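The values are calculated or read from the model by the stated rules, or taken from the named source; none is laboratory data. Just so you know, these numbers come straight off a predicted model, no measurement behind them. Note: ideal-geometry Cβ built from the backbone for every residue, glycine included; neighbour counts use all protein chains shown. SASA here: full protein model, heavy atoms, side chains in, ligands and nucleic acids out. Shrake-Rupley method; radii C 1.70, N 1.55, O 1.52, S 1.80 Å.
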Amino acid sequence: MFHDMDAIVVEKLGKQFGKISAVQDVSFTVHEGELFGFLGPNGAGKTTTINILCTLLRPTSGQARINGFDVMQQRSQVRRSIGLVFQGPTLDEYLTGFENLRFHAYAYSIPAPERDERMRELLQLVELWDRRNDRVRTYSGGMRRRLELARGLLTRPRVLFLDEPTLGLDPQTRRRIWEYILEMRRREGMAVFLTTHYLDEAEHCDRVGIIDHGSIVELDTPDRLKDLIGGDIVSLRVEDEERALMELRGRFGLEPAVFDNTIQFNVPHADQFLPEFIREFSLPLQAVSLRRPTLEDVFLKLTGHAIRDEASADSIPTPARRL
Amino acid sequence: MSEVFTGFWVVGYREFLRLLRERARLASAFVTPLLLLVIFGAGFNRIVAPLDGQVDLVQFMFPGIVCMSVLMTALFSGLSVVWDREVGFLKVVLVAPLSRVGIALGKTAAGSGVGLFQGLLLMILAPFIGLSIGLIALVTLLPLLFVLAVTLSAIGIFVGSQMRSQQAFHGVVEILIVPMVFFSGVFFPVDKVPTWLGILAKLNPLTYGVDAIRQVILNARYSASFESTLSAKGGVDLGVTVFGHRMSVWEDALVVSIFGLIVLVMAARSFNRQGT
Ligand SMILES: Nc1ncnc2c1ncn2[C@@H]1O[C@H](COP(=O)(O)OP(=O)(O)OP(=O)(O)O)[C@@H](O)[C@H]1O
Ligand SMILES: [Mg+2]
């Protein structure tokens, strides 16, 4: 039932906190070397899933294996084969960056020659080599995150867990963190299990599981998830919405919806469809725009709500091309 | 087995580094015992006359004060667990492939190390209150203090592993300290108190620690005659009797060790059960 090649196998996992069902009947597989993402809003159960997989929490139902090791029966082997960057801060601020890494190296019994080389390699990668002998309390948020990433990679894990690795960082730092992640993945080929509620980060993933209220709603590659939308998204602005809607439904056989005075509908290959549509449409158009669907649209369609509360403002279509 | 050892030394090593970094903690390791001694020494000697010129009160209380100093440091060392939880570092320790017993031992080693150091520091002051502690007594005291410090520190670590906030930890430890100190024979012999209190005292590991250390320190000063002298004069037997059996130094040490072992296992189990 379990393949040797699978980094993570999760079957019907469930976690109950009293009356709260944090995770319900979650099943998925992450292949060796795959970059796999959990995309979901606050409280969806992402961290709870990671805590179960990394042996910090016991599930109330189901089972899971990491690199073939059972997370409940073979915890020591599981712990040896994973690296983690937790959601919240986890550094010892009284120690230097170097000492934090060294503690980790000691805890995982990395042999001395390899340890020194590896610490240097990683500290240079995340650009903290010059600051290695400063206490962590003098580090900025971005530096701490980079140090945690270096620490997570220190033991050359076969599976790396990243729980919202860029939460609260500015766009530039986020991009740098991502460069390190992708670079390390290229060098070492470990599987990465990532949780995020940033859509652009989910785009980096080979496959994305959309999780809401503790359950996986849909799981596929980002492109195929977007295909669920049924083509590109076209937005129109017209004077007379009622008549426009009638014409779109009747003459074009579309299923338009109205958001904030804007009519939206999905069509495959909208770039070819639009020129003809503009010629044929009988009402005067005030604005037309077309864009590729995003995972946000997928999320909205699948769960009926936006991934972030404030995201409803983002979801007003920003015209990609104005005609 | 190697996971136990690695857990023990890695966790202990970090505590040691932290201790050196935090000057306040380092200073308190020195200051607390000195303060205790000055207060008790100067204060009580003036108020209370020596007990019939044989054992004066400060000398009687000295072993208890040593134990109290060890108790404070050892119990409060459990705070480091709460602190680690609050800053998230505990998660990193708990997902590492370290034995939970090893982690508990490493934490305990740090607290008991400082406690033991304080206990020994106080010994240097013994001559100033008219007690001379010879080499043999000192060599005997070392393992006794060690066992006591480890046990008390394990209690602190166990409490720490159960608490989610520093406030909660302080609350629980303060509730523990008062009965542990007063029902331990630091201030009055436990065999001369009401039954219920005596039972409480005999469930208290500190009682045995105080008894063992007092036997060593005071016997060195008064030799065997001191017990009988006091009893003969209608005074009190300072020792601890369990089921009619007068506890010897090593029996006391055994009781303390067993107590410590049980608490250590409880602490390790508590680390095992929790994550976040
Ligand atoms: N220790 C706990 N005790 C009780 N409830 C908990 C506990 N941990 C998590 N929960 C609950 O489980 C649910 C899922 O929480 P979880 O932290 O897994 O969400 P998340 O997807 O990581 O969210 P976020 O994006 O905010 O980090 C939430 O409703 C949360 O309140
Ligand atoms: Mg989370």
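Apply 1/(1 + (r/R0)^6) to the Cβ-Cβ distance of B:Ala27 and A:Asp260, taking R0 = 56 Å, and write down the FRET efficiency to the nearest 0.05. Here the calculated transfer efficiency is 0.30.
Considering only C-alpha atoms, what is the centroid distance from segment B:163-222 to segment A:45-114, in Å? Cα centroid to Cα centroid, the span is 40 Å. For chain A, set up a Gaussian network in which alpha carbons nearer than 10 Å are linked by springs, and say which option among A:Gln73, A:Gln124, A:Gln272 fluctuates the most. Highest fluctuation among the options: A:Gln272.
Looking at segment A:233-292, the trypsin sites (Lys or Arg not before Pro) that sit in a DSSP loop and have at most 14 other Cβ atoms within 10 Å of their own Cβ are A:Arg251. For segment A:81-185, the relative contact order works out to 46 percent when only alpha carbon pairs closer than 8 Å and six or more residues apart are counted.
Modelled this way, with points 7 Å down the Cα-to-C-beta line, the labels at A:Asp227 and B:Ile124 are 7.8 nm from one another.
When both segment A:169-218 and segment A:115-133 are represented by their alpha-carbon centers, they are found 23 Å apart. For the interface of chains B and A, what total accessible area is buried with a 1.4 Å probe, rounded to the nearest 100 Å²? In total, chains B and A hide about 2600 Å² from solvent.
Mean residue ellipticity at 222 nm, helices only, the protein assembly as shown: -17500 deg cm²/dmol; runs of at least 4 DSSP H residues each add -39,500 (n - 2.57), and the sum is divided by the number of residues. Cross-link pairs exceeding 23 Å between alpha carbons, from the set A:Lys15/A:Lys226; A:Lys15/A:Lys46; A:Lys46/B:Lys91; A:Lys19/A:Lys301: A:Lys15/A:Lys226; A:Lys19/A:Lys301. Counting Lys and Arg as +1 and Asp and Glu as -1 over every other residue whose Cβ lies under 11 Å from the Cβ of B:Asp84, the net charge comes to +2. Between B:Val38 and A:Met246, the modelled label-to-label distance comes to 9.6 nm, taking each label 7 Å out from Cα in the direction of the beta carbon. A DSSP coil position with no more than 11 other Cβ atoms inside 10 Å describes the following trypsin sites (Lys or Arg not before Pro) in segment B:139-208: B:Arg164. Between helix A:112-125 and chain A there is an angle of about 30 degrees, using the helix long axis and the longest principal axis of the Cα atoms. Heavy-atom accessible area of A:Asp297 with all protein chains present, probe 1.4 Å, nearest 10 Å²? So the heavy atoms of A:Asp297 present about 20 Å² to solvent.
Of A:Met72, A:Met119, the residue with the largest accessible area leads and the full order is A:Met72, A:Met119 (1.4 Å probe).
Across chain A, the mean sequence separation of Cα contacts (distance under 8 Å, 6 or more residues apart), normalised by length, yields a relative contact order of 19 percent.
Do any chymotrypsin sites (Phe, Trp or Tyr not before Pro) in segment B:135-225 lie in a DSSP loop with no more than 16 other beta carbon atoms within 10 Å, and if so, which?
Within segment B:135-225, the qualifying chymotrypsin sites (Phe, Trp or Tyr not before Pro) (loop, at most 16 other Cβ atoms within 10 Å) are B:Phe187.
Take each residue in A:94-104, count the other chain C-beta atoms within 10 Å of its C-beta, and the mean is 4. Averaged over its residues, chain A has an accessible area of 46 Å² per residue, based on protein heavy atoms and a 1.4 Å probe.
What are the residues of segment B:247-276 that lose 30 Å² or more of accessible area, with a 1.4 Å probe, going from their chain alone to all protein chains? Listed in order, they are B:Asn272, B:Gly275, B:Thr276. The mean count of C-beta atoms from other chains within 10 Å of the C-beta of residues in B:93-101, rounded to a whole number, is 6. Of the residues A:Arg158, A:Arg115, B:Arg273, ranked by 1.4 Å probe accessible area with the largest first, the sequence reads B:Arg273, A:Arg158, A:Arg115.
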